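The values are calculated or read from the model by the stated rules, or taken from the named source; none is laboratory data. Because the structure is a prediction, the values reported are computed rather than measured. Cβ coordinates were reconstructed from backbone atoms using ideal geometry, including for glycine residues, and neighbour counts include every protein chain displayed.
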2 protein chains.
Amino acid sequence: MQQYFISKEDLEKNRITGDDVFHIRSVMRGRVGDKFIVTDESLMYLVSIVSIEKDVVNFKKEEAMSLDTELPFFVDIYQGYPKGDKLDDICKHSTELGVNKVYAVNMKRSIVKIDPKKLEAKTLRYDTIMKEASEQSHRTRKAHFGGIIDLKKIDFSNYDSLILAYEESAKQGEYSNFRTEVLKMKEGSRMAILIGPEGGIDETEVKYLTKLGFIPSGLGKRILRTETASLYALAAISYESELK
Amino acid sequence: MQQYFISKEDLEKNRITGDDVFHIRSVMRGRVGDKFIVTDESLMYLVSIVSIEKDVVNFKKEEAMSLDTELPFFVDIYQGYPKGDKLDDICKHSTELGVNKVYAVNMKRSIVKIDPKKLEAKTLRYDTIMKEASEQSHRTRKAHFGGIIDLKKIDFSNYDSLILAYEESAKQGEYSNFRTEVLKMKEGSRMAILIGPEGGIDETEVKYLTKLGFIPSGLGKRILRTETASLYALAAISYESELK
């Protein structure tokens with residue numbers, strides 16, 4: 001079922017305004033009586049359409065819905081900037097799997113260098129992908145794209161746990177750090193997971209990150225592609241914290 | 001590092017033959033001394049090139065390598081045939097994550113109907129994707145594409161556990177079945193995981209499958225796209241069985 005994030009005011013006034021009106025009318029071909037889900041990221045309702053006007057869709061609330069679709073702690077992915085359109089998929093799928101924020105990180109072995117003129121447009125594009133994926137996966141909180149940033153400019157001091165997805169760890173038989181860290185997390189804790197680009201993480205970066213407190217961690221016994229590592233970590237966190 | 005699956009005979013004779021010779025010469029631009037990994041799915045070695053001829057590459061064995069890159073039990077994915085090129089990604093990423101076989105299943109709500117004339121070519125194509133992903137992720141066993149089949153023609157009697165990824169389960173708060181089943185698995189056990197296409201699983205199919213012993217299971221609290229469900233399940237299995 002389609003879901004829309006709306007403002008607190010619109011939720012109180014039983015209406016949808018803005019771009020979503022076009023979406024309901026032209027993409028969903030909405031009619032009076034059709035049902036969908038709305039949330040202001042605090043309350044969530046199943047609603048049905050009462051009337052469709054030019055710039056507003058009016059609805060009535062049918063039923064309050066469970067808000068419990070979020071991971072119990074905040075997980076941010078710091079993704080070494082990958083090639084092609086892989087970041088689209090990472091943003092989309094990590095949102096489905098419960099990520100809080102995704103950041104794209106310029107690292108030594110990132111092949112793609114972002115044209116500074118395109119920074120704003122790209123950031124908006126990834127954030128839109130994550131908003132739509134939040135709606136599609138029926139999340140109560142919008143996941144966000146945090147921006148494209150240089151590794152050395154990131155402040156990691158607010159996290160409770162720092163994970164470095166590191167294939168050398170896996171090769172050397174390190175298979176316990178990630179799980180140990182996940183098991184330490186409490187409700188509301190914050191975890192950052194850093195994943196290198198296709199070419200991997202440069203040794204100087206590994207030194208820099210371990211000095212900051214990052215824990216090199218193997219994610220299973222096989223070599224994962226850069227676009228699979230974030231999904232592995234988030235699925236494992238969901239499994240550990242949500243499937244009892 | 002590049003990896004090739006070779007025959008037992010070629011491994012004994014320290015040589016590579018067939019299509020991989022072209023790959024080494026033209027794609028990898030291999031030279032004497034270059035190192036790569038070979039396996040006959042039983043033994044695995046780091047080797048270096050001794051000479052490159054027209055139809056054969058000769059190598060010497062540098063070092064025996066660990067064979068321990070496989071999940072402790074066999075997991076087969078039965079994927080309701082999805083739209084577009086999603087099955088490419090499912091085959092690729094589930095191979096990285098340790099799948100044994102992937103089957104594409106014709107189900108009531110599959111939008112794509114396969115032209116029987118293209119069946120063989122498609123099957124070969126998906127199997128090649130999985131062979132290459134097996135090499136890239138340094139697996140010791142090749143993962144295989146099992147074929148494109150109708151749901152009612154599948155024999156599920158050889159499995160120890162049958163999981164039905166079912167979003168209605170998640171909506172109704174079913175969050176324990178999958179984990180319970182994973183924890184029951186022993187070394188060498190076999191698990192089948194069935195995932196519906198984009199439109200979901202028809203009610204008559206759910207009845208048919210539960211009669212066969214399939215356990216409807218929620219995979220976390222959010223609604224996953226069809227192409228994300230297999231990755232969730234495999235990552236969770238790796239986390240549970242490989243990260244101690």
Practice problem: Only residues that are of a type outside the set (V, I, T) and more than 11 Å from the chain's Cα centre (by Cα): list them for region A:138-150, please. | Solution: A:H138, A:G147, A:D150
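Just a yes or no: is a residue in region A:225-235 charged (D, E, K, R) and touching a strand residue (DSSP E or B) at 6+ places or on another chain (Cβ under 6 Å)?
As a first pass, look at region A:225-235 and keep what is charged (D, E, K, R): A:225, A:227.
Applying the additional criterion that residues be touching a strand residue (DSSP E or B) at 6+ places or on another chain (Cβ under 6 Å) yields none.
Taking every residue of region A:225-235 in turn, none turns out to be charged (D, E, K, R) and touching a strand residue (DSSP E or B) at 6+ places or on another chain (Cβ under 6 Å).
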Practice problem: Scan region B:164-187 for residues that are at pLDDT 95 or above, of a type outside the set (F, W, Y) and either over 19 Å from B:A233 (Cα atoms) or in contact with a Leu (Cβ under 7 Å, 6 or more places away or on another chain) (or both) and report the count. | Solution: 3
Self-check item: Close pairs (9 angstrom Cβ cut-off, 6 or more residues apart or separate chains): closer than 20 Å to B:K221 by Cα in region B:175-186, exposed (fewer than 13 other Cβ atoms within 10 Å of the Cβ) anywhere
Solution: B:Y175/A:K244; B:S176/A:K244; B:R179/A:K244
Self-check item: Residues of region B:25-40 that turn out to be surrounded by 16 or more Cβ atoms within 10 Å (Cβ to Cβ) and either part of a loop (DSSP other than H, G, I, E, B) or small (G, A, S) (or both), as a count
Solution: 3
Quiz item: From B:M44, B:M65, which residue is within 29 Å of the chain's Cα centre (by Cα), modelled with pLDDT under 95, under 18 Å from B:A133 (Cα atoms) and hydrophobic (A, V, I, L, M, F, W, C)?
Solution: B:M44
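Could you tell me whether region B:102-118 includes any residue that is more than 17 Å from B:E135 (Cβ to Cβ) and within 13 Å of another protein chain (Cβ to nearest Cβ)? Steps first, please.
The first filter runs over region B:102-118 and keeps only residues more than 17 Å from B:E135 (Cβ to Cβ), leaving B:103-118.
Checking the rest, the ones that are also within 13 Å of another protein chain (Cβ to nearest Cβ) come to none.
Looking through region B:102-118, none of the residues is more than 17 Å from B:E135 (Cβ to Cβ) and within 13 Å of another protein chain (Cβ to nearest Cβ).
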Quiz item: Just to be sure, is B:K13 farther than 20 Å from B:T128 by Cα, modelled with pLDDT of 95 or more and out of contact with any Gly (no Cβ under 6 Å at 6 or more places or on another chain)?
Solution: yes
Quiz item: If you check every pair at least six apart or on different chains, which have Cβ atoms under 8 Å apart with a residue in region B:85-114 that is free of Cβ contacts under 8 Å to residues at least 24 places away in the same chain first and a residue that is surrounded by 19 or more Cβ atoms within 10 Å (Cβ to Cβ) and β-branched (V, I, T) second?
Solution: none
Practice problem: Kindly indicate whether any position in region B:74-86 is assigned to a helix (DSSP H, G or I), crowded, with 19+ Cβ neighbours inside 10 Å and charged (D, E, K, R). | Solution: no
Quiz item: B:V47 versus (1) buried (at least 17 other Cβ atoms within 10 Å of the Cβ); (2) closer than 18 Å to A:K221 by Cα: which is the lone unmet condition?
Solution: (2)
Quiz item: Does A:F22 satisfy the criteria of being at pLDDT below 95 and in a strand (DSSP E or B)?
Solution: no
Quiz prompt | Exclusive hit being under 28 Å from A:L46 (Cβ atoms), out of contact with any Gly (no Cβ under 8 Å at 6 or more places or on another chain), of a type in the set (S, T, Y) and surrounded by 18 or more Cβ atoms within 10 Å (Cβ to Cβ), set B:S217, B:S230 | solution = B:S217
